[in-house]
Each structure stands twice: as C-alpha cells, then as structure tokens.
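Step one of this worksheet: look at the structure below.
FYI, it's all coordinate maths here, none of it is from the lab. Since the structure is predicted, the reported quantities are computational estimates derived from the model, not experimental observations. With ideal geometry, Cβ positions are generated from the backbone for all residues, glycine too; neighbour counts draw on all protein chains shown.
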C-alpha cells in the first residue's frame, strides 16, 4: 500500500502502517520541531514541512491510503470544544481537499473519543456524511491502549476507516479487545537512575506534598488543575500535549532514587514506540508536547494490518 500522511506529527501513525509493510510515499506536518523528530527517525525523502493549505495538491504522489490524525484540541473535553469554529477544527476540510485531489482507496482518521459526542453528534455526522458523499463506506470505533494494545495507559481514541470499495468495507473489521497483562512495572524500570533533570528536588514547591502522598511505589501520580492528585494510578493516565506547556503535568513516579517525572523513554514505551526511536536535540518541552500529541502505535498497527489484509486480498481495489 502506498500511504500518504497528513498531520504526521512525529510519525506514530506512519510507524503503525510501516509495520505492515506499507510504503510511505508522502507526509506533511507544519510543526518544525515535529518535522525535525520525524526526519531524525524516517529520513527526509518524502516529508513536506509546511501549512497544508499552501501546498500544491498536484505535487502529492499517487496514494492508496490517506491517514490523518487531525488536530484534536477543538473537539476535546479538555478544551473549549469550538469544533469547526476553531481554526484548527477546519483542518478536517483540508483532508477532504486531498481526498478530492488524489482519490485514495482508503481513508484512516484518528481523533479524541469526544469527537462522537461533540456538538450533540453534529460534528461527527458532518465527517461521516462528507466521506459518504465522496463514495466511502465508513466504519468507526473507539479503541484504547489498555484495551486493544496491552499497554497500561488510559488512551481512548476514535478511529474512522473508509473504503471506496464497499465490499472491502464490509470485509473490514476493527481489532477485538486484548487482555491487559502488562503493568506499569513492566514498562518502567524503577531500579535505574535516570538524569537528575527528571527528579523533584527538595526545594521544589511540590516536593513535600508529593513525598507525603506518593505512598504506592508501584503506581503513577500526577499534578492537575486542583494540585497534586490524591489518586494513585495503576494504569498511566492519558499522556497529554499539555505536558509540553506545563512541565509539572508529566505523570510522576517514585523510583529507587527519588520522585521523578516520566522520562521521554518511559513515555515512548507507554505509546508503544519501538526501542530504536530517538529524539534529536530539541527543547525538552517540545519532546513532551510531541509525546502527548502522538498515537499508541500498536493500536494503529492492528487496524493497519486489517486494512492491509482487506486491501491486498482484492489486489488493491
């Protein structure tokens, strides 16, 4: 399958499709730091950096599958929920422009689960209808990292898949749930001392309260709008993009050496990235932003495998 990726970020969706043997032929991302990370891991042969609204669509190569993890903030319950009234929300219509220009056989979209309920369902109905008007048979499902990837992170996302061939759409099905056998301890090694930059020192304004409340050495804690959360999480709370805006929003653990934030490597593991994935020399807050903006790769891989199975069985038609 020839895959093109919009809003590619650091390549989470691309990695999910690449794991199936797909051929990545085009990707677009506007964030320069995300592009730096993408190139560091994928090379620079096909990534186009810049605003999709200013890109010549005729320059996009032929693709079989168009993927897009389009901006989720306008639809998230954590934001103002302005939807299509938010300039970021209008980016969905750029997906339609690319579809009209390239006519891919398959469309794969990812967003926050609240997209289904946003504006009393009218936002999702618009998305569904505009794809159907273009000939796609559409299916959608909300899948989670802890329910469909055996990864201990609460991360539910809606996935929308459309096939131009409606017979293929009928043959496609989303992956079933998996038992969660991994724990936080399987992901994070608390016996390894990490860089001192991740640890809360005794002079930090949160240290005393963290030290008092973090009584479970196997759990994860976090700081939210109300302060240090009382809850000890046995499954990691959702990694969010605001980890890059507010440095204390990174989930926190107690290891053998002190109280610390999750490291970049911890977060990559909790998103299912391969061990060889690396970040270049970019500001730390940008790394955390990227980690919160990306996807859980094994969930995407399982969906991509099913798309590939259906697509290849019909010779790409």
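Kindly list the residues of the stretch 251-269 that lie in the label zone of residue 183, defined by a backbone N under 17 Å from the point 7 Å along the Cα-to-C-beta vector. Within reach of a label on residue 183: 253-256. Relative to the longest principal axis of the Cα atoms of the chain, the long axis of helix 32-42 makes an angle of roughly 80 degrees. Axis angle, to the nearest 10 degrees, between helix 284-293 and the longest C-alpha principal axis of the chain: 50 degrees. Estimated from the Cβ-Cβ distance and a Förster radius of 25 angstrom, the FRET efficiency linking residue 59 and residue 176 is about 0.05. The simple Förster model, with R0 at 35 Å and r as the Cβ-Cβ distance, assigns residue 281 and residue 154 a FRET efficiency of 0.65.
Nearest 10 degrees is fine. How inclined is helix 297-313 to the longest principal axis of the chain, computing both from alpha carbons? The answer is roughly 20 degrees.
For the listed peptides 144-151, 232-239, 172-179, 200-207, a ranking on the average number of other beta carbons within 10 Å per residue, highest first, reads 144-151, 232-239, 172-179, 200-207.
Distance between the modelled labels on residue 126 and residue 97, one decimal in nanometres: 1.6 nm (7 Å Cα→Cβ projection). Each of (i) 36, 59, 5; (ii) 32, 56, 12, 0; (iii) 29, 50, 17, 3, 0 is a candidate for P(r) over Cα pairs in 20 Å bins from 0, in percent; the one calculated from this structure is (ii). Can you give the relative contact order of the stretch 184-276 as a percent, counting alpha carbon pairs under 8 Å and 6+ residues apart? Relative contact order comes out at 33 percent. Measuring r between the beta carbons of residue 45 and residue 208 and using R0 = 35 Å, the FRET efficiency lands at 0.10.
Classify the stretch 1-69 from the C-alpha gyration tensor, please: rounded if a/c falls under 1.5, else prolate or oblate depending on whether a/b exceeds b/c. Oblate is the answer for the stretch 1-69, as a/c is 1.5 or above yet b/c matches or exceeds a/b. Cut-off 15 Å, label point 7 angstrom out along Cα-to-Cβ of residue 231: give me the residues of the stretch 240-261 whose amide nitrogen falls inside. Taking a point 7 Å out along Cα→Cβ of residue 231, the residues of the stretch 240-261 whose backbone N falls under 15 Å are 240, 251-252.
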